[in-house]
Amino acid sequence: MRAGVSSACLYPQNLEEALYDLALNGISCTELFVNADSDLSRQHVHTMQRIMQRYGVEVASVHPFACPIEPLMLFTDYERRVDDMIDYYKRYFEVMERLDARIFVFHGNDTAHAVTPERYCERYLRLVNAGKEFGITVAQENVSRCQSGSLHFLREMTKLLGDDARFVLDVKQAVRAGESPVNMLHMLGSHIVHIHISDHSDKGDCLPIGAGSFKIRSFLEALSRYQPGCAVILELYRDNYRGISDLVSGYRMLSHMIAAVERNTQSAGS
């Protein structure tokens with residue numbers, strides 16, 4: 001496992017500038033939250049490649065800003081829209097190939113326009129197969145306002161899709177949906193390939209690491225049994241922390257906890 005920080009934490013800073021600030025502060029793994037089509041331009045992608053090479057930064061995942069239109073584009077009956085959206089996301093996959101990013105974060109359909117699990121999985125699988133052409137894993141995120149906010153629905157996806165069901169477990173979204181992040185981890189197991197982490201307590205559902213009561217180390221210990229190569233990405237909203245020093249502090253605490261989990265695992269195995 002490795003710790004990371006999402007560029008989304010620094011919104012509305014330009015994407016390449018956010019990546020630079022994270023890299024400059026010693027953060028070696030990140031998720032890129034694309035906020036505009038122009039973020040994918042050759043010029044900006046080249047700038048990000050240079051930052052990654054200079055500072056030794058890994059981009060583990062990419063998150064599209066277009067997720068609010070996924071219900072309209074992918075889950076209605078107009079097939080041309082489905083084809084258009086898949087072709088559009090192939091632009092992301094092409095950029096991800098250049099950045100050596102492997103996880104594409106997918107929100108999917110919202111609960112207001114719910115479809116059957118069978119219809120949902122048919123559309124999701126079409127995007128999954130498009131991603132495979134580029135070596136990309138399309139991973140369904142649990143989002144409280146979406147069909148994916150329900151653990152029951154995610155388990156239905158695993159039954160219908162088998163190994164093609166891959167998930168991003170977002171801790172704060174689980175809390176918002178009234179789900180236990182730990183229970184979701186155990187129920188979905190190795191289908192989880194990526195983590196959005198934050199702390200929480202009765203003070204809020206999206207807090208800096210150490211500011212809440214979530215047993216993060218125990219969570220990481222369980223995660224290491226299911227997906228030891230997973231990226232654990234700190235994702236906070238801009239009003240949930242004071243400055244970049246909070247992000248750096250959270251990143252370091254996560255890194256230390258991951259290192260401790262790995263030491264204990266090695267000791268237990270020797």
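Structure data summary
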quantity	calculated
Amide H partners (placed H, <5 Å) of Ile209, local residues excluded	Asp199
Size of charge dipole - the stretch 127-268 - debye, nearest 20, with Cβ of Lys, Arg +1 and Asp, Glu -1, no other charges	200 debye
Calculated log₁₀ intensity ratio I(q)/I(0) where the Debye formula runs over C-alpha points of the stretch 28-150, q = 0.19 Å⁻¹	-1.02
More than 15 Å apart - percent of Cα-Cα pairs taken over the stretch 116-178	49 percent
Hz values of 3J(HN,Hα) by residue in the stretch 72-89 - Karplus curve (6.51, -1.76, 1.60), Gly and Pro given as x	5, 7, 10, 10, 10, 8, 8, 4, 4, 5, 4, 4, 4, 5, 5, 4, 5, 5
Distant alpha-carbon pairs in the stretch 100-231 (separation over 17 angstrom), percent	57 percent
Percent accessible area from carbon and sulfur atoms, the chain, protein chains only, probe 1.4 Å	48 percent
Extreme residue, positive dipole direction of the stretch 3-88, given options Gln43, Val62, Ile27 (C-beta unit charges)	Ile27
With 5 Å bins from 0: P(r) over the chain, alpha-carbon pairs, percent	1, 6, 13, 17, 20, 17, 14, 8, 3, 1, 0, 0
Orientation-averaged projected area, Cα convex hull of the stretch 172-245 (nm²)	5.1 nm²
Cut-off under 5 Å, modelled amide H: who pairs with Cys29 long-range	Val5, Glu58
Residue-normalised accessible area of the stretch 114-177, given per residue in Å² at a 1.4 Å probe	38 Å²
In order through the stretch 56-65: 3J(HN,Hα) via Karplus (6.51 cos²θ - 1.76 cosθ + 1.60), integer Hz, x for Gly, Pro	x, 9, 9, 9, 7, 7, 9, 10, x, 6
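The values are calculated or read from the model by the stated rules, or taken from the named source; none is laboratory data. Quantities reported herein were computed from a predicted structural model and do not represent experimental measurements. Here Cβ is always computed from backbone atoms with ideal geometry, including for glycine, and neighbour counts include all displayed protein chains. Surface accessibility is based on the protein's heavy atoms, side chains included, excluding ligands, DNA and RNA. Shrake-Rupley method; radii C 1.70, N 1.55, O 1.52, S 1.80 Å.
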